[in-house]
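Heads up: the structure comes next, in structure tokens.
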Amino acid sequence: MSARVLVSDDLSPEAVKVLEEAGLEVDVKVGLKPDALEAIIGGYDALAVRSATKVTAKLLERATRLKVIGRAGVGVDNVDLDAATRRGVVVMNTPGGSSVTVAELALAMILGLYRHVPAATASVKAGKWEKKKFQGHELSGKTLGVVGIGNIGSVLVDRAVAMKMRVIAYDPFISPEAAAKLGVTLVELDQLWAEADAISLHVPLTEQTRNLVNAGVLARMKRGALLVNCARGGIVDERALADALASGHLGGAALDVFEKEPPPPDHPLFAVESFVCTPHIGASTEEAQSAVAVAIAEQLAAYLQKGVVKNA
Ligand code: MLT
């Protein structure tokens, strides 16, 4: 009997084809309520998800036959990893497939903030012509501080260097030699906060990074500095950020991710003109979604057929 795979979130059709061509039996059932998913999960060897399906301990209790969960994307926050480990279920993700896409959004945020693109758009659409108000800044010659130069941060470094920015970075997991090859100088966090004209965060949300950017840190940033977070909500204290923007201490900020998603409509940041945001679309390009879906399908097939564990 061939292994059975349940695809419970929207994966590209190419991914389903990869699974089928590997001889696996595939069911695509997107948008099931938790009860409905719990009722059927016992019939599957593998589960393929994006971020919508919540793989809870309760769901895993019913997953008596499940061997592997594949997350098409980077963050595995929607999977109860402890519960999966307890049940011997392997969890895979695709750390590489969306790196360029997320880094490009971070760069777009920095450019958009320096040139006031969202606020100027709103102004022109409101019938105004405020050329003086929207005088901006060049990226060229500015110092970019990148917190975390893994898969995504290192792509951003590459693009920023190409745009003639000076790049400094904090990353405790990379050697100064490897950083130098990327064209970046490693510094301590305190120095990064104080020296950077624009700061972009590329670290996961952990106990160490929760509220990493708090009121004290924001106060240490340069007057007029920009802050961008396309990583995870919860790394930035959003209320403190709203205060730092409203007081004019920070020049602008952009968030693709929020502590609570979606954020409440009366969120304090929404009243601030120098704040721009997007609805957690960092990895949402056709290219990245196709790449991560195909990657997770190949990884699931390799595990079910050969026992190979790979996070591509
Ligand atoms: C990821 O972790 O891959 C991205 O944040 C995208 C997502 O969660 O949907």
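The values are calculated or read from the model by the stated rules, or taken from the named source; none is laboratory data. Given the structure is predicted, the values throughout are model-derived calculations rather than measurements. No Cβ is skipped: glycine too gets one built from the backbone with ideal geometry, and neighbour counts run over all protein chains shown.
Details
- Answer from A231, A219, A246, A240 - the residue that is under 22 Å from A120 (Cβ atoms) and either out of contact with any Pro (no Cβ under 7 Å at 6 or more places or on another chain) or touching a residue at least 12 places away in the same chain (Cβ under 8 Å) (or both): A246
- Set A254, A288: member being in a strand (DSSP E or B), at pLDDT 95 or above and within 16 Å of A103 (Cα to Cα): A254
- Breaking point among (1) touching a residue at least 12 places away in the same chain (Cβ under 8 Å); (2) more than 16 Å from the ligand (Cβ to nearest atom); (3) not in a loop (DSSP other than H, G, I, E, B), for G141: (3)
- For A72, the test of being within 16 Å of the ligand (Cβ to nearest atom) and at pLDDT 95 or above is passed.
- Pairs meeting the criteria (first residue in the range 267-287 and hydroxyl-bearing (S, T, Y), second residue away from the ligand (no atom under 16 Å from the Cβ), beta carbons under 8 Å, at least 6 apart or on different chains) are S274/L113; S274/A119; S274/L245; S274/L250; S274/G251; S274/G252; S274/A253.
- One residue alone among D256, D266 is more than 30 Å from V26 (Cβ to Cβ) and surrounded by fewer than 17 Cβ atoms within 10 Å (Cβ to Cβ), and that residue is D266.
- Residue within the range 77-99 that is touching a Lys or Arg at 6+ places or on another chain (Cβ under 6 Å), part of a loop (DSSP other than H, G, I, E, B) and either on the phi > 0 side of the Ramachandran plot or within 16 Å of the ligand (Cβ to nearest atom) (or both) present: yes
- For V292, the requirement of being more than 24 Å from L47 (Cα to Cα), within 15 Å of the ligand (Cβ to nearest atom) and buried (at least 20 other Cβ atoms within 10 Å of the Cβ) is not met.
- Restricting the search to helices (runs of 4 or more DSSP H) fully inside the range 159-247 and requiring at least 1 residues that are on the phi > 0 side of the Ramachandran plot and buried (at least 16 other Cβ atoms within 10 Å of the Cβ) gives an empty result.
- Checking each residue in the range 52-76 for being outside any strand (DSSP E or B), without any contact (Cβ under 8 Å) to a residue 60 or more places away in the chain, crowded, with 18+ Cβ neighbours inside 10 Å and within 24 Å of the chain's Cα centre (by Cα) picks out T53, V76.
Listed here are the residues, each with its yes/no results for (1) in contact with a helix residue (DSSP H, G or I) (Cβ under 7 Å, 6 or more places away or on another chain); (2) away from the ligand (no atom under 15 Å from the Cβ).
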site	(1), (2)
R220	yes, yes
R223	no, yes
G251	no, yes
L255	no, no
P263	no, yes
V272	yes, yes
S284	no, no
A302	no, yes
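- Yes/no for S200 being within 16 Å of the ligand (Cβ to nearest atom) and outside the structural domain of S51 (by TED's automatic domain parsing): yes
- Residue check, G112 of a type in the set (G, A, S), within 20 Å of G251 (Cβ to Cβ) and touching a Pro at 6+ places or on another chain (Cβ under 9 Å): yes
- Residue list for the range 81-100, filter: surrounded by fewer than 20 Cβ atoms within 10 Å (Cβ to Cβ) and within 21 Å of the chain's Cα centre (by Cα): L81, V91, P95, G96, V100
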